[in-house]
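Here the structure is laid out as structure tokens; the discussion comes afterwards.
The values are calculated or read from the model by the stated rules, or taken from the named source; none is laboratory data. Source: prediction; values computed, not measured. Positions of Cβ are backbone-derived with ideal geometry, glycine not excepted, and every protein chain shown enters the neighbour counts.
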Amino acid sequence: MNFKLIKKINQHSGSLYAVNYWKSKNLLLTGGADKIVASWDLSSFENTPFSIKTNSAILALEITPDEKFLFIGLFNGNFHVIDLQTRAEVKFIPFHKTGLFAISYSDENKRLILGSGDGTYSVWDTQNFTLLDKGKLAFGKIRAIQQHNGKAVLGTSEGNIVEIDLQNFKVKNLFQLENNNSIFSMLYYPNKKVWLVATKSAFIHAINLEQQKEIFSFPAHNWPVYKMEWIDNNFIATCSRDKTIKIWNAQNLEIHQRLEFNPHKSHTHSINNLLYISSLKRLISIGDDKSICIWEKQS
């Protein structure tokens, strides 16, 4: 298994940070510094008429599994809820004061969690978009939020891993990385029942949260690791400020493939986000060079 670059799109006018997939329409949604949510037909690779203009840079995009809502988190802290059927805004939430770097939604409990650049979080009921809980976990950014077994696990810029029980909203500090290492992405790794934590130091740390200890760590890139993404439970993709994507064998965490400008003619600057679309066998990468790279899985 290897990935091949099949298309590079260069139509945005600013760095890209957010990406998601609208499955029923076969549309890729992207957003970033140019303040536009753009859409791309993944059959023709053409830009489509569906677009949303915002008043601040777009940091996060999330589509609910039933494809009813699109959530948009902005650099100024504003949060927009778009009805994808009517394409109208149904809720505007100016709750946070700084950038929304992380959005996590669970269809199981209908809970939406927002993480902000000032270390604050909020929990929302998506039945009526009422505020359920709020708090402050850090002085810097909350960039990573995952929901797991009815709880939210958040990573902070001070290297803290915090758990929030989504039933009673009790907050529990579980672990702190050495040297207050800023957390950018987290992924549950069932092989060893640990969380993989990607950091500013370019390392990935494996943390057993039940035992509250680090099991192992390894240098993954040369610069901060911005995102980790599962590929069909067999591989893990990572991207970095070092302009590379690495594909790791999920069984032993050894490098399987390295994707970079030479020889692939892909990204020339920091790669900020990844999305794997299992049904299409495609990996999407976006970055500071304003480009969208579409990689196809080869058998």
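Here Phe261 meets each of (1) surrounded by 15 or more Cβ atoms within 10 Å (Cβ to Cβ); (2) closer than 24 Å to Ser291 by Cα; (3) more than 21 Å from the chain's Cα centre (by Cα) with one exception, condition (1). Of all residues in region 225-233, one or more are out of contact with any Pro (no Cβ under 6 Å at 6 or more places or on another chain), within 29 Å of Gly287 (Cβ to Cβ), without any contact (Cβ under 8 Å) to a residue 40 or more places away in the chain and not aliphatic (A, V, I, L, M).
Quick grid of which residues meet (1) surrounded by fewer than 19 Cβ atoms within 10 Å (Cβ to Cβ); (2) modelled with pLDDT of 95 or more; (3) within 27 Å of Pro224 (Cα to Cα); (4) over 20 Å from the mean Cα position of the chain (by Cα):
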| residue | (1), (2), (3), (4) |
| --- | --- |
| Leu70 | no, yes, no, no |
| His96 | no, yes, yes, no |
| Leu100 | no, yes, yes, no |
| Tyr121 | no, yes, yes, no |
| Phe139 | yes, no, yes, yes |
| Ile142 | no, yes, yes, no |
| Lys151 | yes, no, yes, no |
| Ile161 | no, yes, yes, no |
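Filtering region 167-187 to residues that are more than 19 Å from Ser240 (Cα to Cα) and either surrounded by fewer than 20 Cβ atoms within 10 Å (Cβ to Cβ) or not hydrophobic (A, V, I, L, M, F, W, C) (or both) leaves Gln167, Asn168, Phe169, Lys170, Val171, Lys172, Asn173, Leu174, Gln176, Glu178, Asn179, Asn180. Only one of the numbered conditions (1) over 19 Å from Arg282 (Cβ atoms); (2) surrounded by fewer than 19 Cβ atoms within 10 Å (Cβ to Cβ) is violated by Glu46, and that is (1). Do the conditions hold for Phe216, that is, is it of a type outside the set (Val, Ile, Thr) and closer than 23 Å to Trp124 by Cβ? When the stated conditions are applied, Phe216 does not pass them.
Residue-by-condition table, conditions (1) in contact with a strand residue (DSSP E or B) (Cβ under 9 Å, 6 or more places away or on another chain); (2) under 21 Å from Ile271 (Cα atoms); (3) of a type in the set (A, V, I, L, M):
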site	(1), (2), (3)
Leu154	yes, no, yes
Phe169	yes, no, no
Asn179	no, no, no
Tyr189	yes, no, no
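Please specify each residue of region 74-93 satisfying the condition of being β-branched (Val, Ile, Thr) and assigned to a loop (DSSP other than H, G, I, E, B). Within region 74-93, Thr86 is the sole residue that qualifies.
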